[in-house]
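Every number in this text was worked out from the coordinates using simple rules, so none of it is lab data. Note that this is a predicted model, so its numbers are computed, not measured. Every residue, glycine as well, gets a Cβ built from its backbone with ideal geometry; the counts of neighbours run over all protein chains shown.
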Amino acid sequence: MIDKLKPGKISIVVFLTALIWVWADLAQDDRLSLSNVRIEVAKSGDPTLWVNFVVERADPNLRTSMALDEVVLKGPASRIAEVSRRRNRGDLDLNLFLVPEQEGLTQPEAHTLNVLDFLRKNDEIRKLGLTVESCEPQRLTTTTYELVKQFVTVECVGIDSSLQVKNLDPSSVEAYVPSDGTFKAMIGLTPQEQNQARNEAVEKTPYIELASGQRRELASKVKVTLVPAQNVLSEYMVSATYGICFSPNLQGKYRVIVHNEATELARVYIKATALAHTAYRDAPYKLILYIEDTDRQITQWPTSRPFVFRFPDEYVRRGEIEASQPAPVAQFTLLPITAETELEPEL
């Protein structure tokens, strides 16, 4: 008679079976090719340090990040499958940071980065439970620049030419910049800040643009004051498209013929800031001719009435737009819409 298995022996059998499955999974290494791995230079605690990747000679732009063409990961099939699922869900963030001090990139000269070694010791890669088998490119070139502290002039950018800066306090600030170039500390003002700066000083943090797309905010604050709006209006000529406004009592019952459209309504002249001019220029109607209910009682046609400027309300409230000449006068005729008048040619 066969002896019954004891509980202890059953536990050993289960443990050994699980161990065999784990070993089998570990023994079956799989691979995963990634193309969304990017290396980015981390912000250094040393303000004199500026590290960039060097691309081909044909590309003069300095870059603080580089996308790798391919990174091949190797590991257990179960881990590869999990990382692949994360990639497909968009949950796999492999934006890796290159710390210059840790990689020995502090001397102002060109350096060669062994990308494979960098990836294999990277904590984000290690957390995946996989190893890096290969990568392309295998090496990247970086250049380290030593920045020097010096005073640079402050300049407002992104404002209209008609908006003049009244005061910058201070007009120059200290910044870390390359010693062989000319740099300015720049300040950008939103349209709302521009309006505020015409009445009171606006405090802003300037920035230095060391290279295209590479900005560094400075520690200093600058107070910006602009010339009041009423002193910076420029004169503009605008093509004079117009609209006609009826009351509900006349809508659909009468039509208007403007007789001097070609001669006197070609253009209008205004004074405005550049922003106000652009808003007015892009509006569908520059002038409005209001037709009154009492106009249907007029017997002698044509009659005349001034157009009304249709300025954007927000710029009118701020005193940023006004007419530099009186509104043109319309010579017009009001005709009832009948079967006969619809067939009549315009006067």
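Mind checking which aspartates and glutamates have their C-alpha under 19 Å from Lys223, skipping anything on the same chain fewer than 8 residues away?
Answer for Lys223, where 19 Å is the Cα cut-off: Glu155, Asp160, Asp169, Glu174, Glu193, Glu200, Glu203, listed by chain and number.
Just one of (i) 20, 27, 25, 20, 7, 2, 0; (ii) 29, 55, 15, 1; (iii) 21, 31, 22, 15, 8, 2, 0 is P(r) over Cα pairs in 20 Å bins from 0, in percent calculated from these coordinates, so which is it?
After the calculation, the listed value that fits is (i).
With a cut-off of 8 Å between alpha carbons and a minimum separation of six or more residues, what is the relative contact order of region 74-167 in percent?
With pairs under 8 Å counted, the relative contact order is 32 percent.
Residues with beta-carbon under 15 Å from that of Pro328, excluding Pro328: net charge, scoring Lys, Arg +1 and Asp, Glu -1?
Here the count lands on +2.
For region 33-128, run through the GluC sites (Glu not before Pro) and keep only the ones in DSSP coil with at most 13 other Cβ atoms within 10 Å of their Cβ.
When the GluC sites (Glu not before Pro) of region 33-128 are filtered for loop state and at most 13 Cβ neighbours within 10 Å, Glu56, Glu101, Glu109 remain.
Which of Ala279, Thr241, Val256 sits farthest toward the positive end of the charge dipole of region 241-302, with +1 on the Cβ of Lys and Arg and -1 on the Cβ of Asp and Glu?
The Cα lying farthest towards the positive end belongs to Ala279.
Please compute the modelled spin-label separation between Lys184 and Glu217, points set 7 Å along Cα→Cβ, answer in nm with one decimal.
Each label point lies 7 Å from its Cα, and together they span 2.2 nm.
Output the peptides 265-272, 175-182, 111-118, 292-299 sorted from most to least packed, where packing is the average of other Cβ atoms within 10 Å over each peptide's residues.
In descending order of packing, they fall as 265-272, 111-118, 175-182, 292-299.
Go through Lys43/Lys166; Lys166/Lys271; Lys221/Lys271 and tell me which ones have a Cα-Cα distance over 28 Å in this structure. Could you put the intermediate results ahead of the total?
Values: Lys43/Lys166 35 Å; Lys166/Lys271 20 Å; Lys221/Lys271 34 Å.
From the list (Lys43/Lys166; Lys166/Lys271; Lys221/Lys271), the Cα-Cα distance tops 28 Å for Lys43/Lys166; Lys221/Lys271.
What does the helix-only formula give at 222 nm for the chain: each DSSP H stretch with n ≥ 4 adding -39500 (n - 2.57), the total divided by the residues, and the result rounded to the nearest 500 deg cm²/dmol?
After summing the helix terms and dividing by the residues of the chain, the value is -5500 deg cm²/dmol.
Just add up the charged neighbours of Asn114: K/R +1, D/E -1, any other residue whose Cβ is under 12 Å from the Cβ of Asn114.
Result for the local shell: +1.
Below 8 Å, C-alpha to C-alpha, sequence gap of six or more: please give me the relative contact order for the chain in percent.
Averaging sequence separation for qualifying contacts and normalising by length gives 12 percent for the chain.
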